[in-house]
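Please read the structure below before turning to the comments.
None of the figures in this text is laboratory data; all of them are computed from the coordinates on show. None of these values were measured; they are calculated from a predicted model. All Cβ positions, glycine included, derive from the backbone under ideal geometry; neighbour counts span all protein chains shown.
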Amino acid sequence: MLDQIAIDEAVQALRPDFAVLLMTAEGLANGPSDGRTGDVTPSEGVDGGHVEAWREAYRGFGVNPKRARPSVDALLRRGDLPEINRVVDAYNMVSVRFELPIGGEDLDAYDGPARLVRAAGDEPFDTVKNGEAVVEHPEPGEVVWRDDTGVTCRRWNWRQCTRTRITEQTRNALFILERLEPYPLDRLRAAGEALAGMLAEISPDVVIRTRLLEP
């Protein structure tokens, strides 16, 4: 799976500085939240510049980042993090500590490899609206993660589909750690190491594999 994940040339042209650390975790033993998310703050060395870089990236494909915020921006504004389950809580905590957008996906729910593309506009995106399951579509030119079935995350890292979200039943997962300049690559790697360590605490027998796609 990792070797097949790709970034489309149209996205590379939009943001040549984009890099992503991809991580698979196989053999997870997920479970309910355990109350560790309440006191998480950005770590030393985080200055807010990376959030602004993501806002600028959103403007680059026609999205107002005040109306649809990059995932890390939304998390940092929340104060206390939501409690979802142990694995989701772990990557949300790392996201805040390292000021880094991180997505988590149920690998077994994927249909074909993940790829980052600019949408045609007709791709299905399954989500929930007013408590009801609905299918939406991205705007033409929108940056999205997708597989062979449809969009797995809209607006780069804004909102995940329901099909691939991580639940307490998830056993194999894909994590997507995304960086723009001036965020250092060594800090991106450090975030990956921190996440891998937390996943190993949750699931001592987990098997972690990573791949870094650089500019």
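Placing unit charges on each Cβ (+1 for Lys and Arg, -1 for Asp and Glu) gives segment 61-104 a dipole about its Cα centre, and among Tyr91, Phe61, Ser71 the Cα reaching farthest toward its positive end belongs to Phe61. The percentage of C-alpha pairs in the chain whose separation is greater than 27 Å is 25%.
For segment 1-104, with equal point scatterers placed on the C-alpha atoms only and solvent neglected, what are the log10 I(q)/I(0) values from the Debye formula at q = 0.19 1/Å, to two decimals? So the normalised log intensities work out to -1.11.
If you model segment 109-206 as an ellipsoid using its alpha carbon gyration tensor, with each semi-axis the square root of five times an eigenvalue, the axes come out at 26, 19, 11 Å, biggest first. A simple spin-label model places the labels of Ala133 and Asp111 1.3 nm from each other, with each point 7 Å out along Cα-to-Cβ. FRET efficiency for Ala68 and Ala120, Cβ-Cβ distance as r, R0 = 22 Å, nearest 0.05? My answer for the efficiency is 0.70.
Spin-label pair Ala10-Glu56: with each label point 7 Å from Cα along the Cα-Cβ axis, the two points sit 2.3 nm from one another. In plain terms, the residue of Arg36, Arg59 with the fewest other Cβ atoms within 10 Å comes first and the most crowded comes last, giving Arg59, Arg36. Per-residue Karplus couplings for segment 156-164, computed as 6.51 cos²θ - 1.76 cosθ + 1.60 with θ equal to phi - 60°, are listed in order as 6, 8, 7, 8, 8, 6, 6, 4, 10 Hz, Gly and Pro entered as x.
Please give the charge dipole size of the chain, origin at the Cα centre, charges +1 on K and R Cβ atoms and -1 on D and E Cβ atoms. Round to the nearest 20 debye. Walk me through the intermediate numbers first.
Numbers: 26 positive and 37 negative charges, 101 e Å.
About 480 debye.
Plugging the Kirkwood radius over Cα pairs into Stokes-Einstein for segment 158-197, at a temperature of 20 °C and a viscosity of 1.002 mPa s, what D comes out in µm²/s? Here the translational diffusion coefficient equals 174 µm²/s. Measuring max minus min along each principal axis, the C-alpha atoms of segment 47-114 give extents of 33, 32, 19 Å (largest first). Gyration tensor over the Cα atoms of segment 77-129: the corresponding equivalent ellipsoid has semi-axes (square roots of 5 times the eigenvalues, largest first) of 25, 14, 13 Å.
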